[in-house]
Structure formats: structure tokens, C-alpha cells
Amino acid sequence: MHRSAKLARLTLSLSAALAALAQPTASTARTAEPLHVEGGAIADTAPDAHGIRVFKGIPYAAPPVGGLRWKPPQAVPAWSGVRSAIEWGARCMQSNRLGDIDPLNARMNEDCLYLNVWTPATSAAEKLAVMVWIHGGSNLNGAGSQPEYDGARLAGKRVVVVTVNYRLDIFGFLATPELTKESDTHASGNYGLLDQIAALKWVQTNISVFGGDPSRVTVFGESAGSLDISALMASPLSKGLFARAIGESGGAMTPITAFGPKPLATGERDGADFVASLGAPSLADLRARPAAELLEAILKKPITYGFGVVDGYVVPEHPAQAFAKGRQNDVPLLVGWNADEGTLFAARVTFPAGAPSYADRVSAQFKDQAEQVLRLYPPGASPDEDKAVFAALFGDEIIGYGSWAWAERAATTGKAPVYRYYFTRRPPGAPLSSISPLTAPGVYHSAELYYVFNTLDVRDWPWETDDRHLADAMSSYWANFAKTGDPNGPGLPQWSAYKPNGDGRVMELGKEIGMRGELHRNRYEFFDALYRNLSSQ
């Protein structure tokens, strides 16, 4: 049996054993007081060896099924008795595009609006800082129960950690003229973002029960979760729901690419085409279709639904415009990306035999700007070198630039501090494909997650002392930032706030931890000028 399979089986066995131990016995059930949250009471859980309690599968909104499909999240229905909190809520409907990314939670259902809480607090009076995680997965995949998001080690830094499920793919981001027309806000297409906002409202109302401080909430996320957070910073609906933000590898700042919200008219057109392909005569019929049927149908379409629309309500204007004009929720921001973001995405792009060369493809895409692109990303001396430079270009285009522009705009038009990082550590032994398609050459997209959550041991990889040190440092930086809006703390290399316009330094997080000069600014300035020009046409 493969070592990773053995680890997964062992982890499942341990999880089952721990769940059984967490069940109150006849003697403890009489003394453990339930916790009261919106909807009713939940059973207290036993702390682990480090004093961390985890509460799984807490509903934060009504199940978005039947007539509530493609509706804003509704209030949690009340329940009677004391609800158990030892089992993950089902992950939201999703395909297997990214492989089995949540091996400990096989359940998937449209009834999926649940969150999980890890807390070191022993009483509601402790008022600890709170960190709310928005998972990645292109807004098409993922769940708050993924093993690498286990919040126990991060909570050990004296913060309360919350992970959230939210509607994905066609269920979370479908816009159609009919859905817009029936809406009280004349908007459709951003149900996943509305779920995230509902979860943040739940945190404001309920987190004090777990010893959290609703005035010190940090929202943090990676990839699509990071893009979503940039949109939440630009949304008036989220004002006051979080005090700080962390974005890892993504920002919705590219107004003409698929990695950000579309114009509402574009989203409605794409959605109408999908509905027409189903032959659904009405919204009622569409809502009556089985969720699995819709998921299967969308996999046959060339368009994916993952980053919402500029709907005039949740997203009143494109985040790039909101930040450029200083209209964002101005909170302290920590943002950065990985050294080789593009390798994961480039690995999924295949070119048939006889396809145009890298230089020819650049010329076709960038036209009169191609010469400048080829200076910034020069062709290699071999096909393998061309693949590497294509990955660098692709990664900057869809991840690096958006993250850079988010930091640059926030530091320029806002008053709150911005902290930038550059992650340079490849997990040792990380395979290219035997675990999942989420690994790729170099310091690939998502490689930092094990270090942020300090969950190295969920992978049976040959971790080194440098990895342990980096994981402890990164989780400390993130927790410190959540507590004060400043990542610095005792025993950590000093991290200076970022200065925009070419005067800034960034924190390198890798085998070496320390401030360094900004890399590749000329590349991001090129994309900045390109996108500004194209969006003005």
C-alpha cells in the first residue's frame, strides 16, 4: 500500500477514535454545559492534549436547497435539543477537477453551509482574536474540513480559528436574467460571496461563545479564497465584519481576465446559455433538478463558474476600480504569493504536436506588446526551458499580478498598513502527481498552506528542521497579525510594512526568513499598464 494511503487510513482510524472519545460519557454529560448559538444548543467537546477544542459542522445558514437554491443565505432554522459537534458538515457540491482533496470527509451535499471552530479558550471571557479561513479551489472545489486546514496548531498560538464551507461552481456563482429579475436587489451570480458574508455575520454574533473577540476578526484565504477576500474588501456588505485581511496567492484585480468577477451582462449571458442547454422552461424547473444532474451538465461546458459578477450589490464595481479610487474597506492587509505560482496551472495546458512555439504564442496573444513580453520573459534554449518561462509568464498573469496590484493599491490609496511576503520553500519530497494535481514543479501554488496552518504532518513527506522552523514562524506571523494588525513578535525577524511605488521591501519566507528587495517589479508594471489600457478601451 502506498505510504500516503496508509497515512490516510491511519488518520481516518485516529479520527474515529478521537470522535468516540469526544462523546460525553454518562458521568461527563451531566456536568458539561452546552453552548448556545444561533439556532440552538451545541454540545461542548473535550479539549485535546494541548487544550484545543474543535466544534465541527455548525450550521450558519439554512440549507440552500429547493426554493432556496440560488437565493441569498437565509437564517439558520432552530433545532431542539443539544446538537452534536463532532462530525464535519458535508462539503458543497463539486466535481473531482482537483482530485480527492478532502479524504477525511467523503460527504457531499447541497446542504453544506457549515463552519468549524477551533478554540484554546476555556471561557467566553477570554476575548481572543479570531481567524476566519476562506478555502481555495477556484471557487469550484474545496471545503473547510480539508486536512491541511486543521486549525489546532494555529489555535495553539492563542487565536480562535474558523473554517467555512460556501456554495461553489454553478450553485454559488450562476447569474441569469431571470435570477436577476426575481431578486430584491436586482442582482445574481454571487451566492458564494453572500455565504461568506453570512458566515462572517455569524462570527460577529456567536464567536464570543467560544472565547473569541468579534472586534478582532481576520479573514484569510488562499487562491480563490484570496481573490474572494479582495472582493469582500471592496464590498460595502462586508464593512465592519472583519478588522484585518490576509491574502495568499490571488487578488481580483485583473479586470479583463477570468480570474475575477465578470460584468453582470456577461455572467447572465453565460448562465442563460447553460440553462438553455438543459431545456429548463422555468426557474422552478431548474430548482427542481437534482444537484448531481446540474453538476454533471456543467462539466460538459467550456465555461466555468467561479468568480462571480460585478452585480451592483455584493460587488458594486470591479475591485480593481474600488481599490484604485480608495473605496475599499481600509483594514490592515497581509498579502503575498509563491515563487513558482504558474507551474501548477501550466502543467494543465497541453500543446499538440506542431503547435506554435512559445514566442509565436506570445506574439499571437500580446500582438504589439509581444516584443516587450519576450524581453521580460525571454524564450529558453530548449523546449523544457520554454515550458519554464511559459509557467513564469502564466503565473504572473493570473496570480502574481493580482496579488501585487492588491498590495500596491491598498498601500497607495489606503491608510492601513500593508505587509507583503514572497514564499520560496518547496515542501521536501512533494510529488508531482501521486498525491493530487495540487503539486507541481518548484514552489508551486498552494505550497505555503502546510506552513501557515503548521500542518506538515498531514503529509508523509521528509520534512526538515528548516520546514519546522518556517511553519512555526509563519503561523506565528499570521496569528500576531490577527491579534494586532502587525505580524511582528518576539523571536521573529522584523517585518516592515510595505511601501508602494518601487520603494518597498518584502518578507522572504523560505529556508531564509528576512526582508529582501522586491523582485520582478518591471513585469508587474507591464501588466498594470496593459490592463489599464485594455480596460479603458
Going down the list 71/127; 56/127; 56/201, which pairs span over 25 Å between their C-alpha atoms? 71/127
Suppose every K and R has +1 on its Cβ and every D and E has -1 on its Cβ; what is the size of the dipole of region 84-204 about the Cα centre, in Debye to the nearest 20? 460 debye
Cross-link table 239/325; 239/415; 415/499; 181/301, entries beyond 19 Å C-alpha to C-alpha: 181/301
Rounded to 5, the percent of DSSP beta bridges in the chain classed as antiparallel: 35 percent
Taking the beta-carbon count within 10 Å as an exposure proxy, list 448, 87, 508 from fewest neighbours to most. 87, 508, 448
Ellipticity estimate at 222 nm from DSSP helix runs (n ≥ 4, -39,500 (n - 2.57)) divided over the chain, nearest 500: -10000 deg cm²/dmol
Report the relative contact order of the chain, percent, no decimals, based on alpha-carbon pairs under 8 angstrom and at least 6 residues apart. 14 percent
With 10 angstrom as the radius, rank 397, 525 by how many other C-beta atoms surround their C-beta, starting from the fewest. 525, 397
Considering only 507, 364, 380, whose Cα is most displaced toward the positive end of the charge dipole of region 3-535, charges sitting on Cβ of Lys, Arg (+1) and Asp, Glu (-1)? 507
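A short reminder: the numbers here are calculations on the coordinates, not readings from a lab. Because the structure is predicted, anything quoted here is derived from the model rather than measured. Quick reminder, even Gly has a Cβ in these numbers, built from the backbone with ideal geometry, and neighbours come from all protein chains shown.
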